[in-house]
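To start, the structure under review is shown below, and the notes come after it.
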Amino acid sequence: QVQLVESGGGLVQVGGSLRLSCAASVRTFSNYGMGWFRQAPGKEREFVAVIGRTSWTRYADSVKGRFAISRDNAKNTVYLQMNSLKPEDTAVYYCAAVISRAGGVTTDDYDYWGQGTQVTVSS
């Protein structure tokens, strides 16, 4: 059973930074495409960033240039560095994983999900 555990969320002021981590309990982490999604109250879960098995990346337009996704296969961990945070970035952030595929930009592209971590950006 794949387990994903996010951490690093919290309360930050506008313009601040946070780094989210997602630790995966899998045998061969490098075989997984990994993504970050977020869900604000009353809204659908939306794509934030993806990193493929070969470490290619893709971002939502709303976070491009401010967020950076990375992975450390030795630590079975994917990260989301979030800079220049805005109030509209407030959401629960979810880590997602899919085996043997690159990962994608929709929730249907993933098989496993973490429990989420709250990020609140205050103005």
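The values are calculated or read from the model by the stated rules, or taken from the named source; none is laboratory data. Keep in mind the model is a prediction, meaning the values are calculated, not measured. Because the Cβ atoms are built from the backbone with ideal geometry, glycine has one as well, and the counts that use them run over all protein chains shown. SASA here: full protein model, heavy atoms, side chains in, ligands and nucleic acids out. Shrake-Rupley method; radii C 1.70, N 1.55, O 1.52, S 1.80 Å.
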(message) Between R27 and N73, what is 0.36 nm times their sequence separation minus the Cα-Cα distance? Round to one decimal in nm.
(response) 15.5 nm
(message) Just to check I understand the Karplus step: with θ = phi - 60° and J = 6.51 cos²θ - 1.76 cosθ + 1.60, what whole-Hz values come out for segment 110-123, glycine and proline as x?
(response) 10, 9, 10, 9, x, 8, x, 9, 7, 10, 10, 10, 9, 9
(message) For G16, what residues show an amide H to amide H distance below 5 Å, using hydrogens built from the backbone and excluding near sequence neighbours?
(response) L85
(request) Against the globular-protein guess of 2.2 N^0.38 Å, express the Cα radius of gyration of the chain as a ratio, rounded to two decimals. (result) 0.97
(request) Please go through segment 1-102 and write out the trypsin sites (Lys or Arg not before Pro) that DSSP classes as loop and that have at most 15 other C-beta atoms within 10 Å. (result) R27, K43, K64, R66, K75, R101
(message) To make sure I understand the rule: partners must be lysines, Cα under 25 Å from the Cα of K64, and not fewer than 8 residues away in the same chain. Which ones qualify?
(response) K43, K86
(request) Summarise the accessible area of the chain (1.4 Å probe, protein heavy atoms) by the percent that is carbon and sulfur. (result) 44 percent
(request) Would you mind checking which residues have amide H under 5 Å from V119's amide H? H placed 1.01 Å from N; only 5 or more apart, or other chain. (result) G10, A91, V92, Y93
(message) Assuming 0.36 nm per residue, please report the length gained on full extension of the stretch S62 to Q81 beyond their Cα-Cα distance.
(response) 5.4 nm
